[in-house]
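Everything on this sheet refers to the single structure shown next.
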Amino acid sequence: MKDEREVKVDNGVGLSPPWVMYHNELKYSIGQDPNVIVGPLIPVGSTYVIPVTAIREKTAIALATLLKNPVEFGNISVMVVVINGDQEIVSSLPCPLSAFVVADLVQNALSGNPYFVEIVVKPQSPGGSNAVFPVFTPEVIQFFNDDISNLCNTFTSVAADVFADVMMDALCDVPILYSTSCED
């Protein structure tokens, strides 16, 4: 026999969808550069658009090339649209690009960011091809995120991991390995 009773409890608690967390990862990583503005999450059907405005043209081109785009969350897509200081949409650079060009792009994308320390190009293993190592401060990025596994309901991660979440892990077959500074 089917129980027809239905119990509904509404205590006002709801969890943010993953695209909201992704927007916050962009905002609290890339958006910490004073010359980069991460705009609001804009719903357009089953797609969300995040405008990212970079005042410097070099930064805009680098971000358009290095930010993950699109990002899929099941049947929801998030598109990051990079806009330059003249309010024009910027396109990514095409392949092929060498490891040193990729490193230059990372430098241009992150040079004004307080979490960014340096860029290193070296083989990932002896005798191997060059990889690009963006190096970040050993700091934590934290923001409210409805995370019920955390006492304060926050997202908490080291800076290098957050940048790895929002930026490409390889470009034109060049690995990009996000690292935390070895220095204190």
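Given the structure, is Ala109 within 20 Å of Asp169 (Cβ to Cβ) and in contact with a Lys or Arg (Cβ under 8 Å, 6 or more places away or on another chain)?
Working: within 20 Å of Asp169 (Cβ to Cβ): yes; in contact with a Lys or Arg (Cβ under 8 Å, 6 or more places away or on another chain): no.
In short, no.
Here the range 107-136 is the region considered, the condition is being closer than 27 Å to Asn84 by Cβ and among the hydroxyl-bearing types (Ser, Thr, Tyr), and the residue that is surrounded by the most Cβ atoms within 10 Å (Cβ to Cβ) is Tyr115.
Number of residues in the range 83-106 that are within 26 Å of Ile141 (Cβ to Cβ) and either buried (at least 20 other Cβ atoms within 10 Å of the Cβ) or within 15 Å of the chain's Cα centre (by Cα) (or both): the value is 5. In the range 136-160, the qualifying residues are those that are assigned to a strand (DSSP E or B) and over 15 Å from the mean Cα position of the chain (by Cα), and the one that is modelled with the highest pLDDT is Phe144. Under the condition of being closer than 19 Å to Gly112 by Cβ and of a type in the set (D, E, K, R), the residues counted in the range 131-184 number 1. When each of Thr154, Thr137 is tested for being hydroxyl-bearing (Ser, Thr, Tyr) and out of contact with any helix residue (DSSP H, G or I) (no Cβ under 9 Å at 6 or more places or on another chain), the lone residue that passes is Thr154.
Quick check on Val80: is it buried (at least 17 other Cβ atoms within 10 Å of the Cβ) and within 19 Å of Asp165 (Cβ to Cβ)? Spelling it out, Val80 is indeed buried (at least 17 other Cβ atoms within 10 Å of the Cβ) and within 19 Å of Asp165 (Cβ to Cβ).
Hey, can you tell me all the residues within the range 53-71 that are without any contact (Cβ under 8 Å) to a residue 60 or more places away in the chain and under 11 Å from the mean Cα position of the chain (by Cα)? Break it down into steps so the answer makes sense when it comes.
Just the residues of the range 53-71 that are without any contact (Cβ under 8 Å) to a residue 60 or more places away in the chain, to begin with: 53-64, 69-71.
Listed by number, the residues that qualify are Leu63, Asn69, Val71.
When Ile89 is tested against (1) under 18 Å from Gly39 (Cα atoms); (2) touching a residue at least 12 places away in the same chain (Cβ under 8 Å), just one condition goes unmet, and that condition is (2).
Each row is one residue, and each column tells you yes or no for (1) surrounded by fewer than 21 Cβ atoms within 10 Å (Cβ to Cβ); (2) touching a residue at least 60 places away in the same chain (Cβ under 8 Å).
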{"position": "Ser16", "(1), (2)": "yes, yes"}
{"position": "His23", "(1), (2)": "no, no"}
{"position": "Tyr28", "(1), (2)": "yes, yes"}
{"position": "Ile37", "(1), (2)": "yes, no"}
{"position": "Val44", "(1), (2)": "yes, no"}
{"position": "Tyr48", "(1), (2)": "no, no"}
{"position": "Pro51", "(1), (2)": "yes, no"}
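For the range 91-107, the criterion of being among the aromatic types (Phe, Trp, Tyr), more than 16 Å from Val162 (Cβ to Cβ) and at pLDDT 95 or above is met by at least one residue.
The values are calculated or read from the model by the stated rules, or taken from the named source; none is laboratory data. The model shown is predicted, which means the values in this text are computed figures rather than measured ones. Using ideal geometry, Cβ is built from the backbone for each residue, glycine included, and neighbour counts are taken over all protein chains shown.
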